[in-house]
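The values are calculated or read from the model by the stated rules, or taken from the named source; none is laboratory data. The shown structure was predicted, so the numbers you read here are calculated from the model rather than taken from an experiment. As a convention, Cβ positions derive from the backbone with ideal geometry for all residues, glycine included, and neighbour counts pool all protein chains shown. Keep in mind that these areas ignore ligands, DNA and RNA; they rest on the heavy atoms of the full protein, side chains included. Shrake-Rupley method; radii C 1.70, N 1.55, O 1.52, S 1.80 Å.
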Amino acid sequence: MRVRHYHLVLILGLLGLMQAQARADMLAPEPYLLVRSMRMLQDQVASGKPEALPMLNRVLAHVSRQFKEAKPEAWDKPANAYALFIYLLNGGNPDVVRGIIATLKPDQINPKLIAGSLAYADGDALRIVENFQELPPNLPAELNASIYLVTASQLASIDAITALKRLDYIRLNAPGTLLEEAALRRGLSIAAGLGEKDKLLYLSRNYLQRFERSPYSEDFYRQLVDALLKLKDKISEEEIKDLAVLAWPGARMPFYLRLARSSIVNGDLVRARFAAREAEELATALKADNTQARLYLAVSNVGSDETGEAGRILSSLPKDRLHGRDVNLLEAAMAMAGKITEQPRVTSAAMEPQTIPTPEIATQTPQKTRQPPAVDTEDAMITETRKKLDAIDAILGKAGK
């Protein structure tokens, strides 16, 4: 009786384990569904939902665990196999993907897709382009878009026009996603490099109207400022203002400050003056600290007719309200302003005609009047200012634009 009872308990236990495993199998979603959930969360991050970003790392870790626990036959399904590479190209764990790839059948996945994806995981730019210069056929659109995004920067140095077209593909085929958000950001430098002002403005407007709350917007503004510096006077001040007004007020002032400082470092004092004035006006409107804006405006005026006033403003600025790099800029600009104002002025008396006799004919002909060599004080000032700007560049090391 006891033996029969023991076997009954054992059988019931085994049935319980089988049922639990069956429930676990039913609860474990397909890999492609896991990746779809991950991508949806990434898209919420791009739209600026604050609760999405902290969750993203946890979701990536969950997907990683589920992938490692998935049965080998799960990867026989093309949707799951392609999801593996979408996961890798969108922040997934390379070690997990490598382990799964090792179990795949030799003819199951295009070798270039494997090689290119692993090259991305290794940071091997050359092999990424070699394998993804032409995409394997019949890939899902989301995987194409992921490949286009991770190859855009490397391809831009070889074929910028094709790189920009690939980013356009992403915008058309993955609207509203993190892929599109990143494509808009990365397109700015490529468009500027091609001199395509209208394209740059178009991409910038799209970003500001739809992704300005993205946690990656800081990179957008950095890319935008770099692009504006590259295009220089091809983009007018009015066009810049039309762009800036699309940004929310909290981002507009930092944008102008970044543009002002970067313009100073690059020697474009006219653009720096414009951006600093806009930043100062915004500081007044927002009741914010205007020290940085006043610094950049004063620096942009050093070497002009307002050098004296600029020097007085610089000497009055509180250093404790500035970052270390701006303290360096302040001190360099003050030194430059001081040297310029100390330069001797050419007096009107010195400019009057002088009578210079010619000894050998002085007794035979009236004395002739000679004009002294023209002293071009404006050119001298510009030359001296340029030297001092170079000194500022040396101090700053062209860093921290």
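Structure above, values below:
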{"read-out": "GLU130 versus GLU51: modelled label distance in nm, points set 7 Å from Cα along the beta carbon direction", "value": "4.7 nm"}
{"read-out": "28 Å Cα-Cα threshold exceeded, pairs from LYS71/LYS112; LYS165/LYS232; LYS105/LYS165; LYS241/LYS287", "value": "LYS105/LYS165"}
{"read-out": "Solvent-accessible area, 1.4 Å probe, carbon plus sulfur percent, for the range 106-247", "value": "49 percent"}
{"read-out": "Heavy-atom surface of the range 178-258, accessible at 1.4 Å and reported per residue (Å²)", "value": "42 Å²"}
{"read-out": "Gain in span if fully extended, ASP320 to ALA61, counting 0.36 nm per residue against the direct Cα distance", "value": "88.9 nm"}
{"read-out": "³J(HN,Hα), Karplus 6.51/-1.76/1.60, whole Hz, each residue of the range 133-146, x for Gly, Pro", "value": "4, 10, 7, x, x, 6, 8, x, 4, 5, 6, 4, 4, 5"}
{"read-out": "1.4 Å probe accessible area per residue over the range 49-176, in Å²", "value": "51 Å²"}
{"read-out": "Theoretical gain in end-to-end length, THR284 to ASP95 [0.36 nm per residue, Cα-Cα removed]", "value": "62.8 nm"}
{"read-out": "Theoretical gain in end-to-end length, ASP122 to ASN110 [0.36 nm per residue, Cα-Cα removed]", "value": "2.4 nm"}
{"read-out": "Average silhouette area of the range 154-211, convex hull of alpha-carbon atoms, in square nanometres", "value": "3.5 nm²"}
{"read-out": "Note, ³J(HN,Hα) from phi for the range 234-251, Karplus 6.51, -1.76, 1.60, rounded to Hz, x at Gly and Pro", "value": "5, 10, 7, 4, 5, 5, 5, 5, 5, 6, 4, 5, 6, 7, 5, x, x, 9"}
{"read-out": "Alpha carbon centroid spacing (whole Å) that separates the range 34-55 from the range 295-312", "value": "47 Å"}
{"read-out": "For the range 247-305, the fraction of alpha-carbon pairs in successive 5 Å shells from zero, as %", "value": "4, 24, 33, 21, 12, 5, 1, 0"}
